[in-house]
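Undergrad: Just dropping this structure here.
The values are calculated or read from the model by the stated rules, or taken from the named source; none is laboratory data. Model, not experiment: these values are computed from the prediction. Positions of Cβ are backbone-derived with ideal geometry, glycine not excepted, and every protein chain shown enters the neighbour counts. We work out accessible area using only protein heavy atoms, side chains counted, and drop any ligands, DNA or RNA first. Shrake-Rupley method; radii C 1.70, N 1.55, O 1.52, S 1.80 Å.
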Amino acid sequence: MRIPAFHLLALASVAMAAAIPAPNTYAFTVPSTTANLPYYASASLTESSTAVTSVVFSIQGVDRDAASTFTLLQKMASDSGATGPDRVLVAPHFQAKTDDPAPNSLIWSSDGWLDGSDSVGPTTTISSFTVIDNMLSQAAVSFPNLVNITLVGFSAGGQTVSRYAAFSKQPDVLASRTPAIHTRFVVADPGSLTYPTASRIKPVVLRTTCSDTATPQACYESITAADFTPEYLRHAEVPDYDQYKYGLVGRTGYALTQGGARAEVVARVVASDVRYLVGDQDVKDNFKLDTSDEANAQGDNRAIRTAVYVRYLQLVLDGADARLEFVDGCGHLDACVLGAEVARDLVFGA
């Protein structure tokens, strides 16, 4: 692997001068936009290479520490023996004002990037999902022998990856190329998930077999199709349970214009290669867990929410390929979950 550097992704029609210590400055074209996005990478996304066949993008967590995200990705690759010139590692940095961004850098609200919201500056608005679209597209152009792209995210990063998979058309565009590029999504320990239909787990199940005292594995194994209800508390104590980002009602921006009608989102969710991971000890209210009523309607903690959602995919949407791996002994710690062999196999394996 080449020595990693902190690169600058310029969302502009022309390259911008490097604003941070880095060997290169990269230019992406987005109509009527001149703004910068920093990202860590093991090689340039705009430097052509016929050796590269795989690119892995890792999405930051809620604290927006893309440097740590990239460092963990490097270790995962090293532990997997996946550090050759055929693979490029990338960690975009979605910044907020409090991150002291460089001039003309794209910035979002503290967590707006994780649901595809538009940037709030500097002078224009761009969805974080549009940024990812462009990065994937550029990788396909720069690496003509590229056949595999993987997006992986833990916690808030997992939320980002799962929602991007539901709304983006870019993977289909990449799959139509020659050679075809396959896109895999690895979602780990998300704090909440976006349900493409109004169905939810029945509250009685969340109070019994899937309560906060239940083991996530037992919850997962016990759920049947009858445990879901088509309309969950729409006019009761959680009237906004299906509002975006928990459901599809009230979508705006990228999630609406690119995601399309509900039926399109359902079809995309079922067809996408999305793999789910969760630490079997990730059962505590910690690390800024979303405790809103809308999130709690999905379960009391991250492990239960992930288990319930994957069963929903399997039983309600007939998503037979939906898979969940419990990582033994891991709480809400990215190095534990993503460092596990099962996670590394999903990210760097077939």
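Undergrad: Quick one: accessible area per residue over segment 124-279, 1.4 Å probe, rounded to a whole number of Å²? Could the numbers behind the result be given before it?
TA: Details: 5590 Å² over 156 residues.
Using a 1.4 Å probe on heavy atoms only, each residue of segment 124-279 averages 36 Å².
Undergrad: Could you tally the net charge around residue 268, taking each other residue with its Cβ under 15 Å from the Cβ of residue 268, Lys/Arg +1 and Asp/Glu -1? Show your work: numbers first, answer last.
TA: Details: positive: 163, 169, 184, 251, 262; negative: 133, 172, 264, 273, 318, 321.
Combined, the nearby Lys, Arg, Asp and Glu give -1.
Undergrad: Between helix 302-315 and the chain, what is the angle of the helix's C-alpha long axis to the longest principal axis, kept within 0 to 90° and rounded to the nearest 10?
TA: For 302-315 against the chain, the angle is about 80 degrees.
Undergrad: Run a plain Debye calculation on the chain (Cα atoms as equal point scatterers, no solvent) and give log10 I(q)/I(0) at q = 0.12 Å⁻¹, rounded to two decimals, same order as the q list.
TA: -0.82
Undergrad: For 94, 154, 287, give me the order by solvent-accessible area with a 1.4 Å probe, most accessible first, ignoring ligands, DNA and RNA. Can you show the working numbers first?
TA: On the way: 94 0, 154 20, 287 130 Å².
Greatest to least solvent exposure: 287, 154, 94.
Undergrad: Can you give the angle from 0 to 90° between the axis of helix 128-142 and the longest principal axis of the chain, with both taken from C-alpha atoms, to the nearest 10?
TA: The helix 128-142 is inclined about 50 degrees to the chain.
Undergrad: A further question follows. Could you tally the net charge around residue 165, taking each other residue with its Cβ under 12 Å from the Cβ of residue 165, Lys/Arg +1 and Asp/Glu -1? Could the numbers behind the result be given before it?
TA: Values: positive: 163, 169, 184, 268, 275; negative: 172, 273.
After counting each charged neighbour, the total is +3.
Undergrad: Pairs of alpha-carbon atoms within less than 8 angstrom and 6+ residues apart define the contacts here; what relative contact order does the chain have, in percent? Before the final figure, lay out each step's value.
TA: On the way: 762 pairs, mean separation 51.7, N = 350.
Taking the mean separation of contacting Cα pairs over the length of the chain, I get 15 percent.
Undergrad: Does a label point 7 Å from the Cα of residue 263, set along Cα-to-beta-carbon, have any residues of segment 169-208 with amide nitrogen under 19 Å, and which are they?
TA: 169, 196-199
Undergrad: Moving to a separate point now. Over segment 72-230, what is the relative contact order in whole percent, taking alpha-carbon pairs under 8 Å and six or more residues apart? Show your work: numbers first, answer last.
TA: On the way: 187 pairs, mean separation 22.7, N = 159.
Computed over segment 72-230, the figure is 14 percent.
Undergrad: Cα axis of helix 262-271 to longest principal axis of the chain: angle in degrees, 0 to 90, nearest 10?
TA: Orientation of helix 262-271: about 80 degrees from the principal axis.
Undergrad: Now, a different point. For segment 34-105, rounded, prolate or oblate, judged on the Cα gyration tensor with a ≥ b ≥ c (square roots of eigenvalues), a/c < 1.5 rounded, else prolate if a/b > b/c?
TA: Details: a/c = 3.56, a/b = 1.52, b/c = 2.34.
Oblate, since a/c reaches 1.5 and b/c is not below a/b.
Undergrad: Report the full-extension gain for the segment residue 173 to residue 65: residue separation times 0.36 nm, less the Cα-Cα distance, to one decimal in nm. Mind showing how you got there, number by number?
TA: Working: separation 108, 0.36 × 108 = 38.88 nm, distance 3.01 nm.
Roughly 35.9 nm would be gained on extension.
Undergrad: With the full set of protein chains in place, find how many percent of the accessible area of the chain is carbon and sulfur; take the probe as 1.4 Å. Present the calculation step by step, with values, prior to reporting the outcome.
TA: Working: 7050 of 13690 Å².
The computed percentage sits at 51.
Undergrad: Run the simple label-point estimate for residue 97 and residue 211 please: 7 Å along Cα→C-beta, distance reported in nm.
TA: Placing both labels 7 Å along Cα→Cβ, they lie 4.5 nm apart.
Undergrad: Turning to a different aspect of this structure: As a check on your grasp of the helix formula, calculate [θ] at 222 nm for the chain: sum -39500 (n - 2.57) over DSSP H runs of n ≥ 4, divide by the residue count, round to the nearest 500.
TA: Working: 12 runs with 106 residues, N = 350.
Mean residue ellipticity at 222 nm (helix-derived): -8500 deg cm²/dmol.
Undergrad: When DSSP beta bridges are limited to those with both residues in the chain, what percentage is antiparallel, rounded to the nearest 5? Intermediate results must be reported in sequence, preceding the final value.
TA: Numbers: 14 of 48 bridges.
For the chain, the DSSP antiparallel bridge percentage is about 30.
Undergrad: Further question: Starting from the Cα-Cα distance between residue 284 and residue 231, subtract it from 0.36 nm times their residue separation and give me the gain in nm to one decimal.
TA: On the way: separation 53, 0.36 × 53 = 19.08 nm, distance 2.78 nm.
Taking 0.36 nm per residue and subtracting the Cα distance, the gain is 16.3 nm.
Undergrad: Counting only protein chains, not ligands or nucleic acids, how are 47, 341 ordered by accessible area (probe 1.4 Å), most first?
TA: Details: 47 75, 341 120 Å².
If we order 47, 341 from most to least accessible, we get 341, 47.
Undergrad: Ranking request for peptides 225-231, 325-331: highest mean number of other beta-carbon atoms within 10 Å first, then the rest in descending order.
TA: Values: 225-231: 13.9, 325-331: 18.4.
Descending mean neighbour count gives 325-331, 225-231.
Undergrad: Provide the net charge surrounding residue 60, with neighbours chosen by a C-beta distance below 13 Å and charges set as Lys +1, Arg +1, Asp -1, Glu -1.
TA: Details: positive: 64; negative: 63, 65, 99, 111, 334.
Around residue 60, the surrounding residues sum to -4.
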